[in-house]
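Asks: I'd like to ask you about the structure that follows.
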Amino acid sequence: MINKGLRELLQMDNRSSFHRKVVVLISVFACLPAATAAQTTWNVPGDFATIQEAIDAVSVVNGDTIQVGVGEYSNPSGVGYGPQNYAMNIQKELTIQGAGNDSDPALGTVFAPFSAGGQATNGVVFMDANNIVFRDIYIDAQKNQEAATGQVVARGFQAGGTNLLIENVTVEGTVHSCAELNQAVDSTLRDLTCDTTVAGYNVGNNARGLRIVSCDNLTIENLVVLGPAPNPFDGSGYYLVSFQEVSSYTLRNISMTGGAGNFGQYIFVPFLPDDHTVTYEGTVVIEDVPVGINLVEDPSAQVTLNTSFGVVQFSNVDIPLQRDGLGVVNNLVDFVCQSGIPYRSTVGTQERYFATLAEAQADAATNGGVADEITCPLCPAAASVATRIAGSNTNTYTATPPAAGSTITFSVTGDYTNGVVFAGYNSASVILGNGQFLLSAAPYLFTRSITGLPSGSATYSVPSNAAYCGLEVYSQVLMIGPTAGGPTIQLTNSQDLTYGF
């Protein structure tokens, strides 16, 4: 039946009675919004002498942009905002646009605060409003601190709100953290450089990187941290700390390389209740550090780690991942397998994951533990499905990902009485006479009859065989016997299947 149907489709030409064009004219009427006040761009210097003067001005309203020119700006000495004495205070929906300088940010717009009197508790920029954009600014947190007085700045900035964008910002010389995202929702931190390499600063118990507190759908992209590595064994420092309540965030293209050849990325979860979802994307490079990822959990803490094969990379790391086994880590097996660290040393409630069994055995022997290997899926590639269109028709074909050892479900909705799934290794691009495309061609890996039409399904058991890993299969459904007129046979869209786990 399949070959007969395909021959019939291939023999159709453009004069076929089944080849039709339907033109649908749609008229769309939209109501134009009422006129609103035009957004204004204000210049510093020019309209205002300082950035804060522009922010505080009554004439500067939500939606406006403050364009800051090349040069160095500051706050009046001793003047700070909020309980932590921030030197700049943004509580309007504004865009703060610096001049920027790609070759050397210090030659663009520089904000170098004078001491606000808070010593180790003060910070540079405080943001507490929705829709803030803070872009192309270099923060030098120590330049204007008085020498030999112990004056320091704790945080580069603290930001909270919805739809925040902090982009192309460099923070230098803070002692606690480069930035804190606190109750930031649907927000993005992109192209941030944290430089903590200057001698005489960055000492004591400090994060030296990012603090994420109660954030939801936060994206951190293209982050670079330069500085001495923290001590992961006594908890005195870490480059990324996430805690308090629920947080979900994505880490994309992360590189935190120490000025002394040290690196650290930590997810530290010390408070209750905690529920964190962390997604790694792009390339996350972890190198030259004692512990790469550290999970410290309370019994009711829950962490979900999401990544794909090869995204997280470890180099010259003593312990790639270390966790206390009291809390729940969802997807941990997938994470360690996809990250190439499936060997475990268990000492009490603590688990440490390594790239080789020898490393796990050595760690277990040293610490009185037990070494074993995590059973990983047979295939390191993720199973996936991609849809391609095969011409206009009323039939819809979907398929579930072909994971090794699982069952694929093929579903078809249309106006035909019979359907057959055919899946093969070859992808053709044959344009048929009725305007459809033949996307899958012989030889076929398998075929399946669709039952229960006009809304039917079929299944196929995927072999648990590593030889199928990464195999691409092109599938399509041949529909036969129309129930409402139309062509005798039709092809659905195609589903491109990639075998994986």
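Asks: Determine, for each peptide in 84-93, 408-417, the mean count of other beta carbons within 10 angstrom over its residues, then list the peptides with the highest first. Mind dumping the intermediate values first?
Replies: Working: 84-93: 21.0, 408-417: 19.5.
Those peptides, ordered most packed to least, come out 84-93, 408-417.
Asks: Between Thr398 and Thr162, what's the calculated FRET efficiency when r is the beta-carbon distance and R0 is 41 Å? Round to 0.05. If you can, show how the numbers build up before the last one.
Replies: Values: r = 34 Å, r/R0 = 0.83.
In this case the efficiency is close to 0.75.
Asks: Follow-up. Between Cys376 and Ser449, take the C-beta separation as r, use R0 = 45 Å, and let me know the FRET efficiency to the nearest 0.05. Mind dumping the intermediate values first?
Replies: On the way: r = 35 Å, r/R0 = 0.78.
The computed FRET efficiency comes out at 0.80.
Asks: Let me ask something else. Return the distance in nm (one decimal) between the two label points of a simple spin-label model at Ser461 and Thr356, each offset 7 Å from Cα along Cα→Cβ.
Replies: The answer from the label model is 4.0 nm.
Asks: Listing Cys178, Cys215 from the residue with the fewest other Cβ atoms within 10 Å to the one with the most, what is the order? Display every interim value, and only then the final one.
Replies: On the way: Cys178 29, Cys215 25.
Least to most surrounded, the residues fall as Cys215, Cys178.
Asks: Using a basic spin-label model with each label point 7 Å from the Cα along Cα→Cβ, how many nm lie between Ser103 and Ala442?
Replies: Result for the modelled spin labels: 6.5 nm.
Asks: Using the Karplus equation 6.51 cos²θ - 1.76 cosθ + 1.60 (θ = phi - 60°), what ³J(HN,Hα) coupling, rounded to whole Hz, does each residue of segment 161-178 give in order, writing x for Gly and Pro?
Replies: So the J values, rounded to whole Hz, are x, 10, 6, 8, 9, 10, 9, 6, 10, 10, 10, 10, x, 8, 9, 9, 7, 5.
Only the coordinates and a few stated rules stand behind these numbers; no lab work does. These numbers come from a predicted model, not from an experiment. FYI the Cβ positions are ideal-geometry reconstructions off the backbone, even for glycines, and counts take in every protein chain you see.
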